[in-house]
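These notes are about the structure you will find just below.
The values are calculated or read from the model by the stated rules, or taken from the named source; none is laboratory data. The shown structure was predicted, so the numbers you read here are calculated from the model rather than taken from an experiment. Quick reminder, even Gly has a Cβ in these numbers, built from the backbone with ideal geometry, and neighbours come from all protein chains shown. Side chains are part of the model used for accessible areas, which takes the heavy atoms of the whole protein and leaves out ligands, DNA and RNA. Shrake-Rupley method; radii C 1.70, N 1.55, O 1.52, S 1.80 Å.
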Amino acid sequence: MPSDKRVAASMADTLADRKKLLIELNANLSYLILVCCVALVLSLLSFIKSFDNCVIPSVMVFLYAHFLLTLLMVVKRAHALFHKEYRDSPD
């Protein structure tokens with residue numbers, strides 16, 4: 001740690017921001033895996049057993065749209081994390 005208190009505080013804030021982004025990224029990826037598993041089970045269930053109503057296809061469309069939006073959120077957070085890494089690198 002640097003001896004200057006302002007530089008040390010700035011570095012601590014940067015590390016805290018990175019840690020927060022990593023925690024959010026981990027949570028989003030875990031949630032995305034859960035959504036994928038639910039969509040897969042529901043997809044297999046609808047393939048095996050034919051349903052006459054339109055509830056299952058509607059739920060599938062919702063799950064896939066939700067998956068896409070969550071995936072975009074993960075990509076955005078990963079981009080922010082890598083952008084901070086590249087911006088703060090000494091090279």
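Rounded, prolate or oblate: pick one for segment 1-48, where a ≥ b ≥ c are the square roots of the eigenvalues of its C-alpha gyration tensor, a/c under 1.5 means rounded, and failing that, prolate if a/b is larger than b/c, else oblate. Note, shape of segment 1-48 comes out prolate.
In the chain, the portion of solvent-accessible area held by carbon and sulfur atoms comes to 70 percent [1.4 Å probe, whole percent, DNA, RNA and ligands not counted]. Residues 24, 85, ordered by accessible area of protein heavy atoms at a 1.4 angstrom probe radius and largest first, appear as 85, 24. In a DSSP loop and with at most 13 other Cβ atoms within 10 Å, the chymotrypsin sites (Phe, Trp or Tyr not before Pro) in segment 25-91 are 51.
Rounded to the nearest 20, the Cβ-based charge dipole of the chain about its Cα centre (Lys and Arg +1, Asp and Glu -1) stands at 120 debye. Which of the three applies to segment 38-91, rounded, prolate or oblate, going by the alpha-carbon gyration tensor with a ≥ b ≥ c and a/c under 1.5 meaning rounded? In terms of gyration-tensor shape, prolate.
Which angle from 0 to 90°, rounded to the nearest 10, does the C-alpha axis of helix 5-48 make with the longest principal axis of the chain? On a 0 to 90 degree scale, this one is about 10.
Annotation: per residue accessible area for the chain equals 80 Å², rounded to a whole number [probe 1.4 Å, protein chains only]. Pair-distance distribution P(r) for the chain, from all Cα-Cα distances in 10 Å bins starting at 0: 14, 31, 21, 16, 10, 6, 2, 0 percent.
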